[in-house]
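These notes concern the structure reproduced below.
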Amino acid sequence: MLMRTSTRSLTEQLADRFGERIRSRLMAPGSRLPSVRQCALQHGVSPATVVAAYDQLLAQGLVEARKNRGFFVREAPSVRRDEPPPPDARGSQPADPADWRLAARRGPAPLNATSLIRGMFHKVSNKPQPGMGVFPPEWLESTFMPAAVRKVTGTRALQDFSLQYGEPMGDTGLRRALANKLAALNVPATADQIITSVGATHALDIVSRTLLRPGDPVMVEEPGWAVEFARLNALGMRLLPVPRRADGPDLEVMARYCELHRPKLYVSVSVFHNPTSYCLTPGSAHRVLQLANQYDFHIVEDDTYSHLAPEHAPRLCALDGLQRTIYVSGFAKILAPNWRIGFLAAPSALVEQLLDTKLLATLTTPALLEKALALCIEQGQLRRHAERIRTRLDVARGRSVKLATHAGCRFVAEPAGLFGWVDTGVDTDTLAQRMLDEGYLLAPGALFHAERSPSTLMRINFATTQDAAFWKKYSEIVKQL
């Protein structure tokens, strides 16, 4: 709230508010600032104050004025790439569903892709945050985790392994525990096929840097994880967005991409897909694997939400037996975001190449926390903890669905898992900025597309949308838009 008794003028306060959001990427490059009239009404100031504040932002190089359109966050300069997309067999650009505008996207990572990540560190308020991708800290509190850390960090342990590099592939005990855990999911992996990483995102990066070269085409699911789009773009890959449906990827689009572009990799979240919470069906999984064999590409299956899902949920790695598939997962969602322990399980023929990539980036991973995690898995504490979280989430989801529906949201996907994918009926980029003023960080639908465009959809976290006050404020603002 702007303070009329502050030592700083209203103009300076308003400019500071927008400037801070732009610098912290909570306002994405290319996004439109509220109109002068709208901003004046929203903050209870005169239009002249808004104009003066926008002028300060212009002078700082944070925004640009577009004639008859308004003020926009300044775009970062794009990186030119001289290599044109190859023509198809007829020498012309193919029509949808494999449109070149989708199939040959190149350029720098969209800077707004890290908005939610920055929101984790740039605390918006003490209110529950509907757009966040993690459980509230109080949900993850436990006594077994500190106990496990204490047990593996005695004086002797520090002397034995903390004062030297750990095992390149990761702690042997943890890899054995992970192999047993994967066996319960029908994913056949030995400890020698498992490499630990600094979180699941690092595991995905290891795979990408090992199997891909700049310019390689990669199929990704859309909507999908914004950070994955940005990461692949930053590596210079060509993104081929495959629409994600309730049963799996759009197989017609996928087959068309395979014919035209011969992709090197397909990145998939089969179980509790982010943001829709869809789960892959066996029929769709079999067809995807057929395409992988026919067109000779690998599949990396991100099973980040495995701890929330039933063991019998279809997984590509289980059906394929780790031949063309690579399994990736981690423990940030269910255990402790700051432990940063992830892993990958890969075909034996790829293990040495993947390990080389890991060594070049991090040498080894922290053995202390890996040993503590192994203890939590072996003693069944992680399993029981996950069961408690799932039970609590089921209750929270039911309440959240009722609150969201009452507020006028329409669920585009059947509510499941941690996330809900809802249609608000209004532009969620604009909605997100208005809700930010009220202390709430949202996840607008545009974040989950490879090429940002206006959307009425947004992702909600069922665990952090239990607050009726949030939905009341949401309803008030939606009516104003």
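Here region 402-442 is scanned for amide nitrogen atoms under 12 Å from the site 7 Å beyond the Cα of residue 467 along Cα-to-Cβ, giving 436-442. Whole Å is fine, so just give me how far the alpha carbon centre of region 355-371 lies from that of region 9-71. The two parts, judged by their Cα centres, are 45 Å apart.
Over region 1-69, the hull volume per residue, using the convex hull of the C-alpha atoms, is 92 Å³. Going toward the positive end of the dipole of the chain, with +1 on Lys and Arg Cβ and -1 on Asp and Glu Cβ, which of 312, 9, 284 do you reach last? Ranked along the dipole, the leading option is 9. With no solvent and one point on each alpha carbon, what is the Debye value of log10 I(q)/I(0) for the chain at q = 0.07, 0.12 Å⁻¹? For the chain at q = 0.07, 0.12 Å⁻¹, log10 I(q)/I(0) is -0.40, -1.14. Pairs from the list 264/371; 127/402; 127/371 with a Cα-Cα gap above 24 Å: 264/371; 127/371. Across all C-alpha atoms in region 380-481, the radius of gyration and Dmax reach 14.6, 51 Å. Seen through its C-alpha gyration tensor, with square-root eigenvalues sorted a ≥ b ≥ c, region 434-481 comes out oblate because a/c lies at 1.5 or above while a/b is not bigger than b/c. Let a ≥ b ≥ c be the square roots of the eigenvalues of the Cα gyration tensor of region 204-345; is it rounded (a/c under 1.5), or, if not, prolate (a/b larger than b/c) or oblate? Oblate.
Determine the distance separating the Cα centre of region 443-481 from the Cα centre of region 205-246; give it in Å without decimals. Comparing the Cα centres of region 443-481 and region 205-246, I get a distance of 25 Å. Rg/Rh for region 214-275 stands at 0.95; both radii use Cα atoms, and Rh follows the Kirkwood definition.
Which values of log₁₀ I(q)/I(0), to two decimal places, follow from the Debye formula for region 318-405 at q = 0.11, 0.13, 0.25 Å⁻¹ with a uniform point scatterer at every Cα? Relative scattering, expressed as log10 I(q)/I(0), comes to -0.49, -0.66, -1.23. Annotation for residue 259 and residue 74: the two label points, set 7 Å from Cα along the Cα-Cβ direction, are 4.6 nm apart. Any idea what diffusion coefficient region 268-386 gets from Stokes-Einstein, in µm²/s, Kirkwood Rh on alpha carbon pairs, 4 °C, 1.567 mPa s? Translational diffusion coefficient: 82 µm²/s.
Assign one of three labels to region 275-315, namely rounded, prolate or oblate, based on the Cα gyration tensor with a ≥ b ≥ c the square roots of its eigenvalues; rounded applies when a/c is under 1.5, prolate when it is not and a/b is larger than b/c, and oblate otherwise. Since a/c reaches 1.5 and a/b is larger than b/c, the shape of region 275-315 is classed as prolate. Each Lys and Arg contributes +1 and each Asp and Glu -1, all at the Cβ; summed about the Cα centre of the chain, the dipole is approximately 1140 debye.
A helix-only calculation puts the chain at -12500 deg cm²/dmol for mean residue ellipticity at 222 nm, using -39500 (n - 2.57) for each DSSP H run of at least four residues, averaged over all residues.
Using a probe of 1.4 Å, the accessible surface attributed to residue 411 totals some 40 Å² when neighbouring protein chains are kept in position.
The alpha carbons of region 138-275 occupy a box of 59, 33, 30 Å along the principal axes, longest dimension given first. Across the chain, C-alpha contacts under 8 Å between residues 6 or more apart give a mean separation that, scaled by the residue count, equals a relative contact order of 18 percent. When the charge dipole of the chain is built from unit charges on Cβ atoms (+1 for Lys and Arg, -1 for Asp and Glu) and taken about the Cα centre, the candidate among 332, 477, 232 whose Cα reaches farthest toward its positive end is 477. If you bin all the Cα-Cα distances of region 394-448 at 10 Å, starting from zero, the percentages per bin are 22, 53, 25, 0.
The values are calculated or read from the model by the stated rules, or taken from the named source; none is laboratory data. The structure presented is a predicted model; accordingly, all values stated were derived computationally and were not measured. Every residue, glycine among them, receives a Cβ derived from its backbone with ideal geometry; neighbour counts consider all protein chains shown. Only protein heavy atoms, including side chains, enter the accessible area calculation; ligands, DNA and RNA are left aside. Shrake-Rupley method; radii C 1.70, N 1.55, O 1.52, S 1.80 Å.
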